[in-house]
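A short reminder: the numbers here are calculations on the coordinates, not readings from a lab. Remember, it's a predicted structure, so these values are computed and weren't measured experimentally. Heads up, the Cβs are rebuilt from the backbone with ideal geometry, glycines too, and the neighbour counts pull from every protein chain shown.
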Amino acid sequence: MPSAITHFAPHARAPLPERLHTSVWRGNQMGRSAERALPSGFAALDAQLPGGGWPRRALSELLLPHPGLGEIRLLAPSLAATQRAGRLVMLFDPPAALSAWALMQMGLDAEQLLVIDTGTQGIPGVDGRPHEAGVDARLWALEQALHSGHVGAVLAWLPPRLRAERLRRLQVAAHAHDGPAFVLREMAVQQQASPAPLRLALQAGGADCLSVRVLKRRGPPLAQALLLELPPVLSASATRKARELAAQTVLSGQGAAAVPLLRAATFVNLA
């Protein structure tokens, strides 16, 4: 009985890794994704992000030394583009009141923002970590938003010293989210492993400038930080309007509480 003979084409080539699946790439090349990335609005940053923008169906982890560094100005172009596409933008537990005037100057529609306040910030546990019940409530709300399919973009300030397994749960939930999902964390965790495929470290880079280090991406490491020029917080006209409004509220006796700090946004208190 003749033995089976296998014939090989003399010039046949093994498939390249990037031809097998979009999640496979060479270490010296940028990774690809079947999902179209969302442009960040900063050409220099997009050139260094796999797919040319913020990933969809994945976490983008931003590490900050402190809030208010310029992170919202960095994300505003993509959040505004999400709103223009008719999709909802959700903010989870912002650490301070946000100025509606400033957000409008960045192109955001304050009336189409949904702000979730889980009421768990500043509730420490016995070991110094955030109270477990509060963390569970915050993560539950965030996971439900990612799973819902009704949200265009999510921006969440996470509690400090978050356990690794909790972050993995968020990354799994982000797979169901057809849009960018940004989580903001403290700079101290940069040496810890993270399931987020994209990690950036943000630092002040001067007046209206932000220094961005790419700590992790689907591609080769980036040796040098990017210096991005941010738009001013308020234009001259917006600053004038804000001062006029503040003067009117003082004259009316209403005090500073009447200044519009996301007054037009929709708030949901889960406390």
remark   = Length gained, ALA207-ASP109, 0.36 nm per residue minus C-alpha separation, equals 32.7 nm
query = Using alpha-carbon positions, what is the distance between the centroids of the stretch 187-229 and the stretch 52-82, in Å?
reply = 11 Å
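Would you mind putting 101-110, 83-92 in packing order, based on average other-beta-carbon counts within 10 Å, highest first? Don't skip to the end; give the middle numbers.
On the way: 101-110: 19.2, 83-92: 17.5.
Result, highest mean first: 101-110, 83-92.
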ask   = Packing-wise, with mean Cβ within 10 Å as the measure, how do 208-217, 137-146, 52-61, 224-233 rank, highest first?
value = 52-61, 137-146, 208-217, 224-233
remark   = Quick numbers on the stretch 40-108, Rg and Dmax over C-alpha atoms in Å, give 12.7, 33
Quarter of the Cα convex hull surface for the stretch 146-197, i.e. its orientation-mean projected area (nm²) = 3.5 nm²
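Give the relative contact order (percent, whole number) for the stretch 35-94; include only Cα pairs under 8 Å separated by 6+ residues.
Numbers: 42 pairs, mean separation 17.7, N = 60.
Relative CO of the stretch 35-94 lands at 30 percent.
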key: Label-point separation, HIS66 to GLU35 (7 Å along Cα→Cβ), nm   = 3.4 nm
